[in-house]
1. Quick one: check the C-alpha center-to-center distance for the range A:807-880 versus the range A:543-594, whole angstrom.
2. Quote the relative contact order of the range A:562-708 in percent (integer), defining contacts as alpha-carbon pairs under 8 Å separated by 6+ residues.
3. What is the angle, in °, between the Cα long axis of helix A:12-25 and the longest principal axis of the Cα atoms in chain A? Nearest 10 is fine, range 0 to 90.
4. Checking the a/c ratio against 1.5 first, then a/b against b/c, what shape does the Cα gyration tensor give for the range A:193-273?
5. Packing-wise, with mean Cβ within 10 Å as the measure, how do A:580-593, A:211-224 rank, highest first?
6. Does chain A classify as rounded, prolate or oblate by the C-alpha gyration tensor (a ≥ b ≥ c root eigenvalues; a/c under 1.5 gives rounded; else a/b over b/c gives prolate, otherwise oblate)?
7. Based on DSSP H runs of at least 4 residues, each adding -39500 (n - 2.57), what is the mean residue ellipticity at 222 nm of chain A after dividing by all its residues, to the nearest 500 deg cm²/dmol?
8. From the square roots a ≥ b ≥ c of the eigenvalues of the alpha-carbon gyration tensor of the range A:641-796, which class results: rounded (a/c under 1.5), prolate (a/b over b/c), or oblate?
RNA sequence: GGGCGGGUAGUUCAGUGGGAGAACGCUUGCUUGACACGCAAGAGGUCGGAAGUUCAAUUCUUCUCCCGCCCA
């Protein structure tokens, strides 16, 4: 392809799929096990198998891909292991929805047929999200793709369950759990989201049995639960009530006799100081009930409606309908004292937002204390490090206050609990295979109908995906993984559970570092959600702006751990950047027809030495920032370097040489430096923008099959050339000064401006003398350098750059008034600066205590300012 | 109630114990042999408020106000 045929604007759609296919077909993502090389491994947080890519995934996977591509280029044996999650409730709910549309339901189908339907669903949609991850450019090892319900992961789940069961760390108990009446399953404590809701506090009279005219007033937010009351509690030291402890009350509407008990849990200041106790429908009451051996009366059923224990009148009513009825009935009987407004926190199901019903139920739990202990230790002693560090505290605080984990779910889709119950004697046995018969009586055994919490299997992800419980080579080489990248919203759900699981089953941490990122919010700062309809579809963005732009936008202008608002303007910025890179390369290619790497080259010029120095500075900074997980800063360095230094200056500076206005050897040198720096810049940018960098790199002179297999650019201190940087900035500032004067004095763009540069300093003079070409070319100026100038032309505009007087004679063109105004303003600024600097230099404390180099710097600054002031003030005087 | 994050240019956000930055927007001028998704020049900020530490604070400490999140 002829290079000059490259289109003017970069079109990502034409190249992205092509390169992804090329990479994947050539197995460049595949991590061939190589024990000689240092491993770098990441396991991908598995998205829901039937889900769709959202911005959160896009961010999470972009970060992982950047780290993986970078480490791979650095020579690590880099593995990024992808996979999907079976997502119990979510997936089951989708299939149930489907069935409903067909006019049937899972019960009609039966468990087996239903599960077939879910697998069908999984097969139909399971590749959707992985295809979408490819669109993003994810360089994960698809040969090792896993699924939480595949054979290996399922084996790991069974193994873990049985291990924990045998160790006494899994138990079954009748306990108060969170029940979602909509999802019809239990959920764990962290799956309950609390939110403040307007509500009421109802004050109700509970009369004494021995004296119906005497009563206690209790306060409750949920009057419907009174049907399940078994006691009224007061604080033991509450003198108002303590003498009543032991007496009996008659529960209104029900007529049940219930005792007055004393418990320190009661807050005497809340409500009336008397609390009704409903062990079956409140976690705190449950605990009190256990302490006092009270009965448990369950009055709300699994459908969220009142059951037969609620009494004939209320039975079948929905809990809220019942609440209204109870209030009405109490009022009629004169037992309702008052109703107060009382906003309070209500628990909702994280999946469907239904108000959760606390309920007593026989469920499986993981005993957390013994598991949490080592997990706390691993983070405390630094075997696992959180980035940013502040998440350490959040993690520890949660781990230290952890409660047992309810792991059974009343679902069909998931890992079925590997426990069998004897139908005859009730014996219970945990086993991978169905037992032939009861070990006690030989009776028939049946498996527990419930499945495990989805997070139970994802907790094993870092080792189950590497082959555990088999002792595979992958496991040996890649475990523990290097870093886990995930959102701050699943630290508890997932990160914490992987840590204790890894420590318990592998005896080693699952990862050494946890890189936490924030959430992608909409432009107004709201969480993107389906119900709000404010989500931005990454695939649409990729379609319109390209995956590289999306990726670049997601990592720039953001700090680790902080949320990120999605602004389309920022996307444009990234797209413009991609286009800039594209055009810089297009320009390079238009001037490389005769490029020969081994051609006889002229000496490097100042511009060459300068850009090489700046490039190596960028190499160092980018690498350092990546090491520190400052991905946004690394990207910023590359953006600034590419645009401001490489494009705006270097390319402009070498144009005369490329256009053959100087010796051919000079052209060859310019070509060489341009190719070197541009190619290196593409390599540095490749982890961030994999597609466009590959496309450009392939067009540039190169060796090798793909940019992604290139060695990461190495910082060469030999090429850092501070002298060149210094000299170049004098040239650049001089050019800028002339341009400014031209602009302000309205010198026509085409007109060459005669310019006198007066430099008393010999070094400056020689730098300018050697580089007049640059000034002439970029400032369109005819330059005349002088050591001093006795007679300064009156019809001229003037400025100072680094001690060099820049004089542009403008006979007939100059607007003296304008020049005077400008000089005055500049002098004012200088005055202000001088005041600050001299204030410091006159301060004895500063001179005595500040580091010598700082003092020197301030002195140099003062000198420069004074020089500038003298020149400009003199000029002003002359014009006035 | 406890914890965390944020408050910096008109807007969205970086950043820092020693001369306040970017993008977009704005003003002015440019079809300059890569790019108008561009080039050049420019205007614009008491870095939320108060006190303290320091030679020096936008940056560190304390208090305080506002916004957001998490936990109880």
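The numbers here are math on the coordinates, done by the rules we state, and not lab data. Given the structure is predicted, the values throughout are model-derived calculations rather than measurements. With ideal geometry, Cβ positions are generated from the backbone for all residues, glycine too; neighbour counts draw on all protein chains shown.
1. If we compute the Cα centre of each part, the gap is 40 Å.
2. After rounding, I find 29 percent.
3. Compared with the principal axis, the helix lies near 70 degrees.
4. Working: a/c = 2.04, a/b = 1.31, b/c = 1.55.
Oblate, since a/c reaches 1.5 and b/c is not below a/b.
5. Descending packing order for the listed peptides: A:580-593, A:211-224.
6. Prolate, since a/c reaches 1.5 and a/b exceeds b/c.
7. It lands at -13000 deg cm²/dmol.
8. Prolate shape, in that a/c is at least 1.5 and a/b is the bigger ratio.
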